[in-house]
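The values are calculated or read from the model by the stated rules, or taken from the named source; none is laboratory data. None of the values given here were measured: they were computed from a predicted structure. Neighbour counts are summed over all protein chains in view; Cβ atoms, including those assigned to glycine, are modelled from backbone coordinates with ideal geometry. The accessibility values were calculated without ligands, DNA or RNA, using every heavy atom of the protein model including side chains. Shrake-Rupley method; radii C 1.70, N 1.55, O 1.52, S 1.80 Å.
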Amino acid sequence: MIDGTRKATNLFPEIAYALLTDKTLGAGAVISESSVDDVNMTVAARFCKANNLFWDGMVADRVNLRGFIYQQALYCLLDFTIIGGKFSLYPAVPFDPNTFEIDLDGPHSKPKIKAMFTDGNISDLSVSFLSPEDRQAFKANVLYRQEQENGFPERKSAVIQLAEEKDANGNVLVSHVDDPLETFDLSGFCTSRAAAVLFAKYTLVLRKHLDHTVSFKTAPHYINGVRPGDYIRVFSTTQHVQRFNNGAILDDGTVVSKDTISGSKTFYYWNPSTIVAGEIMPVTEATANFSSPLPSSYRGSLFTIKEEEASDQSYKVESITFGDDGLVQLTGSYAELTADGKLAMLQNWSNSNTLIFTEGD
């Protein structure tokens, strides 16, 4: 226990530690205490306690231990990793190291960048975009258990969704009224509405901001000090991450694109219905103001914004493995940062135009 005693607990990192090391109720016969990172486990336990992320459930049947810990850790906003052969749980979001409370927009909300990778020290760079289904915004219906003293518990629910997105003039850009409903059943262990809502908010913004992962090879000495869960920068001249700076120009001059595009932009466009010298028009470069309906010469075309700079993106390291060629294979998930280096997905959860949540029963 984090207080140095042995007793019942509802902190999941302590439960996971017991399941991994106890020879009676866990896998201690095959996993020794030296195979568990007790330092990170202690930090994770203090994090859960400080943020009221309690696990009031039971393990009644045999389970795949790794899969069980991985899934339950997600509900507690923890990352389950194996680092240097040691099992580890660690907070998935920035937190104050003194109070262990989640730091959404304070001095500790800026993740430390542990390494930088460029075209000069990586090879076999590949990018995997999430499927449209995995990028679809949704309403999170979280189920939790409301306890009653000397009575039977009651299963309750809370529906959380992103509020509509507006521009500076108050015009609605994106409405989430018709988003599909996804249900997360936390009633087996969650007895707090606040904890259920916190998980729902985290899941919603993760879906909103995470759209791709990268994988590349590098030499072992370039990842010195880098572990799963750390943040890195990838600077490459290969333009691969501006997935939604493209779209179509309709017959009335309006632009259809996943993300809003405004201001003067240089872009490439192509109209398959336009014939030039007996052939379909070639791809053409132009510059126009996307804040107003585009001129008739561009209408009916497909377009993509011309990228003038090399991409500079931040990623959270998901895995590090050694290959047969002596190089290290690193995989990371996209972690968007604000201009001042903070995690964009956690900024202003309650008062920005894009991350307001509406909540109801």
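Residue-by-condition table, conditions (1) of a type in the set (S, T, Y); (2) at pLDDT 90 or above:
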| site | (1), (2) |
| --- | --- |
| P111 | no, no |
| A140 | no, yes |
| S157 | yes, yes |
| V205 | no, no |
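Evaluation of V197 against the conditions (1) open to solvent by less than 50 Å² (accessible area, probe 1.4 Å); (2) under 30 Å from T118 (Cα atoms); (3) in a helix (DSSP H, G or I) shows that the sole unmet condition is (2).
In the set (1) open to solvent by less than 50 Å² (accessible area, probe 1.4 Å); (2) at pLDDT 90 or above; (3) not charged (D, E, K, R), L181 fails one condition alone, (1).
Yes/no matrix, rows are residues, columns are (1) of a type outside the set (A, V, I, L, M); (2) modelled with pLDDT of 90 or more; (3) in contact with a Leu (Cβ under 8 Å, 6 or more places away or on another chain):
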site: T24; (1), (2), (3): yes, no, no
site: A27; (1), (2), (3): no, no, yes
site: S34; (1), (2), (3): yes, no, no
site: C48; (1), (2), (3): yes, yes, yes
site: R62; (1), (2), (3): yes, no, no
site: A73; (1), (2), (3): no, yes, yes
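For the range 203-230, a residue qualifies if it is within 19 Å of the chain's Cα centre (by Cα), open to solvent by 30 Å² or more (accessible area, probe 1.4 Å) and either among the hydroxyl-bearing types (S, T, Y) or over 24 Å from E336 (Cβ atoms) (or both), and exactly one does: T213.
Note on the range 131-155: residues that are within 22 Å of K208 (Cα to Cα), in contact (Cβ under 8 Å) with a residue 24 or more places away in the chain, open to solvent by 40 Å² or more (accessible area, probe 1.4 Å) and out of contact with any Lys or Arg (no Cβ under 9 Å at 6 or more places or on another chain) total 1. With a requirement of 2 or more residues that are under 17 Å from R233 (Cβ atoms), the strands (runs of 3 or more DSSP E) lying completely within the range 84-133 that satisfy it span 113-118, 123-129. Given the structure, is A27 open to solvent by 40 Å² or more (accessible area, probe 1.4 Å), of a type in the set (G, A, S) and in a loop (DSSP other than H, G, I, E, B)? No: the conditions fail for A27. Which of the residues spanning the range 257-279 are assigned to a strand (DSSP E or B) and either surrounded by fewer than 12 Cβ atoms within 10 Å (Cβ to Cβ) or polar (S, T, N, Q) (or both)? Scanning the range 257-279 gives S257, S264, T266, I275, V276, E279.
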